[in-house]
Structures are given as C-alpha cells and as structure tokens.
Amino acid sequence: MIKKNILSLLVLFLIVISGIIIFIGINKNADAGILINKINKKILKPVNISKNNYKDYIFKLPTGRYISPIGILNKTPNFSTNVVTHGKYIAVVANGATFFQTIIIYNRKTLKEVSQYRAYKQKKFKKRRFKKFKKIVYNPKKARHSSLNKAFSQMVYAKNKNQDLFQGIDFAPNGILYAAGGGVNDIIAIKIKKNGKIKVIKKYYLKWQPFPKNQYPYQYQGHQYQKSYSFHSKHSNAPIGTMAYKHENKPYLFYPDSIAISSNDKYLYTTGLLSNSVAKINLETGKTSYANAGAYPFDIILADHGKRLAVSDWGSDSVTVLNAINLKSVGKILVGKKLSPLSFSPGVNPTGLIQLANTPYVFVTDSNNDKIFEFNTQNLKVVRIFNDAPYPHAPYGSYPDGAAVYKGFMYAVNAGNNDISVFNIKTGKQVGLIPTAWYPTSVIINKGNIYVTNAKGIGSGPNVHFQWVGDMMDGAIEKISINKVMPQLKFWTKVVLHDDLFSLSQRKKRKLADEKIEKFLRKHIKHVVFILRENKTFDEDLGDYSRAGKWADPHFDLYNQKELPNLYKLANDYGLFVNFDADGEVTAQGHQWTTGASDSDFVQRTWTQYYSGRGLVGNPGWTQPLRPLNLKDHYKYMPIYDSLLKLKHWSNPWISYPYGLYIYNDMLKHNTPFEVFGEFISRNRIGNILPAMKKHVDLSSYGWDRFILDTQRAKVFLNFAKNKIAHHKFPSFVYIWLPDDHTAGNRPCYYTPDYYVANNDYATGKIIDYLSHSPIWKNTLVFITEDDAQSGADHINAHRTFAVMISPWVKKGVLIKKFYSQISIVKTIEAIFKIPPMSQWDANTPVINTGWTEKPDMKPYNAVKMQVKPALNPGICKSYIDKMRLKLGKAGFWEAPVNINNADNKNKNKQLRRANNKDLNKKIVNNRNRLKLAELNELHHNKHQKNKQQVYNKNINSSKKIIKKGTNNNNAENYSPTSLLKISGPEQFKQEWIASKGLKSYKKVIGHIKKLAKKEGAPIGDILAGASPD
C-alpha cells in the first residue's frame, strides 16, 4: 500500500514538473514575442534568434524556399525599404500599398518600437467608423491580446495628411530626420524629441525638370493628365444626358527618392525618379538647384570627402558623377552593357551605393545581374567587379540592392535570396552568407551591428479574414551582431544554401529526379498549352470541391459548379494541384513569374506605389496609357504589340524586365516554335518588338479589355489552331491569356461577376474540348492556373491558388498534394523542350514529377456549356465610350471608338456621336457581322435598365452601405475594372461576393470571420490588415 502511495506521489510529482516545464516553455516563447501559431506569421515584439533556437523560426515562402532570420527580429509595417541610424535610435521607412505609409523609430539596442510617423494619402483624413465590423476591428482598449494592447499603449504616433513616402530617408548630423515624399513631390524634416515624440518641422517642395528627349524613358512616365471632375453638359462632345469629363493638366512629379545630407547640415541632395534629375536643397533658405542625371536615378551619396555626388541610374546601366558644389556633370561610369535606344538586352538596374570612408572609392549593386562594381569617383574607372552568385555558374536572381562596409568586409543584401553576401574587400571573394527575413531591401552597420530591413517580413499565412495579400504581410527589421555571426559564418552559409535549395547535395538530388521525369515527358509530350487566368485563390473557386477534403474550405467559396462546371469536371478527369502557390502577390508580379520565372527589383519596389495611387503609372511589362484615352486617339485601347513611337503617350516597360527576360526569348534563341495570345513580350529600349519575335505573336489576340469576353479570345486561338493543325504546323508551345475571371466588380455597363467567371470557364473548356478531339492530343499537355491569388480568401495561405494539369498522360482525378508553385510549371515546360533556366528560381525548382501515368487515357473532353445567362450589372451606363466598347466587344472588336468602321465610313466620328440612332446600329450590325441588334438596343433602353435595377436594387444599395461603412469608404479607391494594375483586393472581393451571392451571403461569411477571430484569439489589429482602401 505504501509503495502504491509512493508510486502515485511520484507520478503526481512528474506531472507537476512536466506542467512547470511546459509553462516555462510557453512563457519563454511568449517572451520571444512571436506567435506560437506560426501559420499567422506575425511578430508581436522583438525576438532574439541564435544558432540555438533558429529552427523554431524557419518559415516557408510561396516560392518553395525557406527563410531563417537571425539576430534580434522585430516587425515593421508592410514593405520596409530603408534604415538609418543616429544616436540611440534607428529609423525605418515602410512604403507599402497601404492606407498610410510609415516611418518607425526603434531603440537601436533593443529594436523596441518607440514612435511612428504616419503619412496618409488622403487630403482630408476622416476617422473611419466600422459599425458593421466593430467586433473585429482593433481597439486598443478592448484588444483581447494583452501584449498587443501593451505594445500599442507604449507607442507615440504622429500623422500627416496628403503625404507619401518613398524609400529615401536619412539623419542629418544634427539629428533631424529627412524623408522623401515620392508622389507628393516633397522632402519632410522630422524632429525626434527626448521623450520619443516626433514632429514634422518643415517641408521642402520640388519641381519636375524636363530631361533630354534622347534619354530613356524618352518621355515623362507619370500621369500626364488627371481626370479632375465630371459634369453633365449639352455643350460637351458627348451625347446629351451622358457624363462628360473635364480634364486639366496635372503637375509633373519630380518624385524624390533617395537622400544624402552634407556633413555640415547645410545641404540636402535628392534624386528625382520621374525627372531623371538631382536636386540640391539649401536647408536654411530652401533654395533649390537641379541637374540632369541618368534614367530613373535611384540612390545618391556624397563621395571623395564630400566633393562628388554619385548617383545610381536604375534605368541607365551607369552611375552618374556630379560636382557636389555646382552640380556640373563630371561623367558617367558604365556598370553594364553600353546601351542604345535599339538595345534589346535588359538593364542591370544599378541600385544601392556605399563609399569606402575617406576615399574616392564607391561600390554599387547591380540588382538585375548579381554584380557589385567598385569604381573611383575621381578618374571614373571601374576598379573591380564582385560576383554575387550564391554558387558557381548560378543563373541570375540574387538581387543585390544595398551594401555596407565594415573593417575590411562588404555586406551586400540580396533581396532575391534572402541573405547577406559577405565579401573580403581585399581579395574580392565572397566568404559567406548570413540569413535574413524575406526580401531584404537595405543594410547599414553601426557599432558592430548589422541592421537590415526586410520588405515582406516572415511571409504570409491564411487570409481567412479576407486580408489583401498585397499588404497583409508585415515587414521586418533585423539587428545582427558581427562579432557573433562572423565566427559562425560557415554554419550560417550552409543554412542559407539549404533554405534556398542551393546546396550541392540538393542540386544533385534534384538533377537525378528531374532526369528521370524529363525522359518520360520528352517521349510523350510534344505540345504544351499554358492558359493563364486572373486573381483567384484556391478556396475562392474550389472551396466547395468536396474531393479536395481538408484542402478546401466551403466558407470561402465564391464560385462553384454553377459558374465553373468545366473547372470542376477537369479536376475530376485530370490532375488538380491542391498545394500550389502564386509566387508573387499581385498581377504586376504574377505575369513576370509565369513568363520569366522571376520578376525584377524594379517591379517589386514600384508596384506598391501605383497600386495605391501614389503618382506612378503601372509599368510591369505591359505598356500603359500615360493619360486618359479619348475620341481623338487613333490607336487601340490596349496596344500590347504596337510600337511605342507610334503610340506616343504610353509607358515604356523596358526597365521592368528581369535579366533573364522571358521564356519566349529563350524559345526564340533555341528555335522552339511558339505562339503568344494576349501576354506581353519584351521590347527594345525605345519600345519596339523584335521582328523575329513578332512572328510568334498573334496580332489579332486581345489585350486587357473587360468588354471583350474570353469566349472571343478562345475563338481567336481556335481559328489559329484549326489552321495550324490542318497543315501539321501547330507550335510546340502556346501561351493564352484569359483574364475575364478577374471580373469588373459591380460597375454598371459591365457584365456581372458570375457571367464573367462562367464565360471564362466555358472559354477554357472549349479550348480543351477542341484540343482533345484533335490529332495532336495524344502528345499534348495543358496547364491552367491564375496569375495571383489577390482577390479572395484562403484558409491555408493567402498566396495559394490552384493549377490543373490536363493530358492523356495525367492520372484521372489525381489530387497533387506535393508543393508546387508557378515556377514549377515554367520549369516543366523548359524541361520538355530542353530550354535552360532563366533565373535561380527555375534552376532550383523541381520538374513536376507527380500525377503522371504510363497508361494514357485518350478519351476526349467535352466542354460543359455555361449555366449562367448573360447579364449586365445593374445601374445606368453613363459613359458614352463604354457603351460603344460594349457593343463592339460583343462582336469581338476591341479598338478604341475612333476606329469603329474605319474602313467602311469616312465620317466615323459623326456617326459615333449619333450612337442612339437605330439606323446606325443596323449599319454597324451589317458591317461587323453577326452583332445582334436586340442586344444593342437593349443597352440604350432605359426601361430595361430600370427593370434590371429594380431586381437588384436592394442588394446594390445594401452593398454600397457596406462598402461605405466597412473597410473601404474612400470613393477614389473603389475597384477600377479598366485599370489592370491598380487593383483593390478587398474591394474586388467585396463587390464580387455581393454581386454573385448577395448581401445575405456576405453577412454570413462576415459572421464566420467573427467566429474565427474569437476561436483563434488572434490579434484583432491584424484581422483586417490589408483591408484598407488600398
């Protein structure tokens, strides 16, 4: 009995001890300041990561790589881009696509946040009230998470209206902090008081400077005109009763970027991104002088004891050197190939500059080709070139975009590889790598510590609260002790290489696996068709797909078998990827990843500015109009394959290209037949497409136009395919863009979201139907995926979308659970056609090796017809041009209104202004072949519009109330269906959900969000992260 009691007491003692250990472990993790649930990817307070505990802080990225940040790690707001230090503080600027951009002041030693300056983009800032969402909006007094509440209570905020921030930030020797205002054309001066409070004490305004016409980008690349207000007028050119728009010139932007301050506190130097200029400001008087630099000047520093200015020219493959006193040009230093307007080679994109103290020597990082140049600012000669490849003969993709120097070593941050390259300056050799968080953007060294900003922090988790993937991710700031990390450099180098999948053993293992599947694929696949669609998460389209099991969540399903019968059938009949990520966050990056297996640092750093309406025009590969189109424009609405010289007022995208260019360029080089339908292709520096490339582009294919339905896009491809197959000349590779599942929200004049999605699905089905009944089917493989996942929610990861693999050689109904991403598709296409990789990403991504079968099923696919009837969104269509484009779109014509009937009628403009005339409608019908008169008359019949509006009036009025009272109450930020690259993710989701499923369903899903929030006990402040007006 005694023994039994002793045994019981011993067991009880062990249980108590175990509980204490667990309690200590929990509290230890809680003290570390990072959520125990790593899925949420949120840092609550500074955490110290070392060799002993780094494995607890390894995070997987959408690209399939991992990050293992070290040192002291703390969060920043989304997309932090620069860090500077003075005294006991460091300052970080974050310029994400957010409602406000931020400068954060941290304690230099602990990285504890001291204060914030918030720059709001609105001229009139209004406090937003969230009556409908009050239970899930952060409230410091009611926050469920005590540590978050405590952290916020210690914060000191300063805010400023009508202010932007963009990258440039620097402390003057006297402690005043200066920051570049980007899209509002100013430099702000901030004073940090002893108690941590911050105050804007002065603003310096800048003016745009014209640059030579023979200098890239050859014309101003900001908005050349701005729509200012609208009015009804019988004197306008538009038909009476329609909306006319008054336009006025908008001042061109200098667009201040980088900052350098003289040692005597007297002068500030700044680069003008859109002005190809440098400005010198007298900080006492405000007097400003200007000088021309190279294209898209990025960074600026004082060198040679303050006598010279060095400016990295992002778009010129050079560094401009100026006299710091009078701004006269000293000369240029070439850090890439010598370029001309006819150059088809991509740029090297010079970015970060750092000088060797008290010398004329300066280092510049070439972010696009993984080189670091050292040059002499006195004689303008390159001293040597540092190779920033992570392993011998690696392709491009490190993205070095900043450097710092300390005691004979250079530390270069690599945004592509999430690490710091350490170079011995004397020998010029890379001696090791230090891990960072995701996408490091700047680095400084102070008192033996490395400080690094990381734009994307530790990545994304699920966005079950409908956060926008574009800005839901916090950035991160790291402090790394050089004395601690350098003795362990060999160890950390191994960690970095393993995280990036670069280790020798990983590369050998992957090569063996790839060779095995490549043999199978090359034997059976001779044709690949890649269909790219727009903006959907897995759960958004397949949340109701029961076969996916735990990989699908019906709570977030917006479209299902009614709108997507072909997607569901294809998933049943072929291979569905359920663990598949988009490599980028938004469209601007997505199309780069699916065509180039990479994007560029230029795209990464600028998309946040134009998505949030901060002065830049979208420029990620497509050409975009620099001013609104009107009836006088004699060109197409989206002239994706026209010469820029002919177009005039369109953006020049050459600077955005990754150094490896795109898969089409490699196919052209390796004589692989291909055809492109709708996607952008590379141009030379002046904006022309290589003639040899143009032969592989279907010039009749459509660009971005919501009035053209995807069934029309499919028709263009099918006409091409029938002809080529009949003559046994179908190309090896075909790329088709079907963008209509993007939808146009609930804007009048456009089709409903349900119909857009259904039409997109049917167009996809028709393409598969035709191919599967053709003689080439036995050797054909089709991939279908989305360009990004930004418009909906997903219970696994905000980057997760879906892909479908279709071929006789794919197992019937297979669910592919192994992790893949968009670059996996690119890598598989390259493997089939023996094309070398374009970047480090596709070079180190495995070929898709699951889901195949040795027993092909040659049964053809029969497309399922649309189950959704054509319907327009409710409301009156007031835009005259939209009415005409809608008419043309139904017939498959996408030209601007001025080109209607160009060949048939010399008086086209007069005829257009009599659009309501029935005889004209009949004439257009006859000339344009098969355009239904009934559909045309329907568009102008007010009774039809009113009846239709009555049917949906309740939902639409309610949805407007929700939008106003919810997270997006800024009218200027409503989802714009005519702008491809400025997309509000939360707004797109909201409009689509209400238009598709109605207000009741929307309220139901919001209720589900509230339950999740309560169940998770997640920080309430993070729930609507990203659901701002941006």
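Points to keep in mind about this one:
- Gyration tensor (alpha-carbon) shape descriptor, segment 506-939, a/c threshold 1.5: prolate
- Charge tally around residue 668: other residues with Cβ under 13 Å, Lys/Arg +1 each, Asp/Glu -1 each, net +1.
- Counting charges near residue 337 (Lys, Arg +1; Asp, Glu -1) among other residues having Cβ under 14 Å from its Cβ returns a value of +1.
- Cut-off 20 Å, label 7 Å out along Cα→Cβ of residue 560, residues of segment 727-762 by amide N: 753-762
- Rounded to 5, percent antiparallel among DSSP beta bridges of segment 506-939: 35 percent
- Inter-site label distance for residue 88 and residue 109 at 7 Å from Cα along Cβ, in nm: 0.8 nm
- Counting neighbouring Cβ atoms within 10 Å and putting the fewest first, the residues 304, 581 line up as 304, 581.
- With R₀ set to 35 Å, the beta-carbon distance separating residue 507 from residue 854 gives a calculated FRET efficiency near 0.80.
- Extension gain, residue 862 back to residue 494 (0.36 nm per residue minus Cα-Cα distance, nm): 127.3 nm
- Scoring 812-819, 401-408 by mean Cβ neighbours within 10 Å over their residues and listing the highest first yields 401-408, 812-819.
- Positive-end ranking of 868, 593, 773 along the dipole of segment 506-939, with charges on Cβ about the Cα centre, is headed by 773.
- Amide H partners (placed H, <5 Å) of residue 643, local residues excluded: none
- Prolate/oblate/rounded label for segment 466-539 (Cα gyration tensor, a/c 1.5): oblate
- Other residues with beta-carbon under 10 Å from the beta-carbon of residue 177 carry, at +1 per Lys or Arg and -1 per Asp or Glu, a net charge of 0.
- Paramagnetic reach from residue 729 (point 7 Å along Cα→Cβ, amide N under 14 Å) across segment 670-710: 673-675, 695-698
- Once you reduce segment 425-460 and segment 787-826 to the center of their Cα atoms, the two points are 32 Å from each other.
- Extension reserve of the residue 550-residue 264 stretch, reckoned as 0.36 nm per residue once the Cα distance is removed: 96.6 nm
- Residue 692-residue 722 FRET efficiency (beta carbon distance; Förster radius 25 Å; 0.05 resolution): 0.50
- Per-residue Cβ neighbour rank within 10 angstrom, fewest leading, 344, 466, 171: 344, 171, 466
- Along segment 754-766 the Karplus relation, 6.51 cos²θ - 1.76 cosθ + 1.60 evaluated at θ = phi - 60°, assigns HN-Hα couplings of 4, 6, 4, 5, 5, 5, 4, 5, 5, 4, 4, x, 5 Hz to successive residues, with x for each Gly and Pro.
- Note on segment 94-116 and segment 496-565: Cα centroid distance 37 Å, given to the nearest whole angstrom.
- Listing 711, 271, 377 from fewest to most neighbouring C-beta atoms within 10 Å gives 711, 377, 271.
- Estimated at 0.36 nm per residue, the fully extended path between residue 120 and residue 285 surpasses their Cα-Cα distance by 56.7 nm.
- Spin-label pair residue 161/residue 205, simplified geometry with 7 Å Cα→Cβ offset, distance in nm: 1.7 nm
Any read-out appearing in this document is the output of simple, stated calculations on the displayed coordinates, not a laboratory observation. Computed from a predicted model, the values in this text were never measured in an experiment. Backbone-built Cβ (ideal geometry, glycine too); neighbour counts: all protein chains shown.
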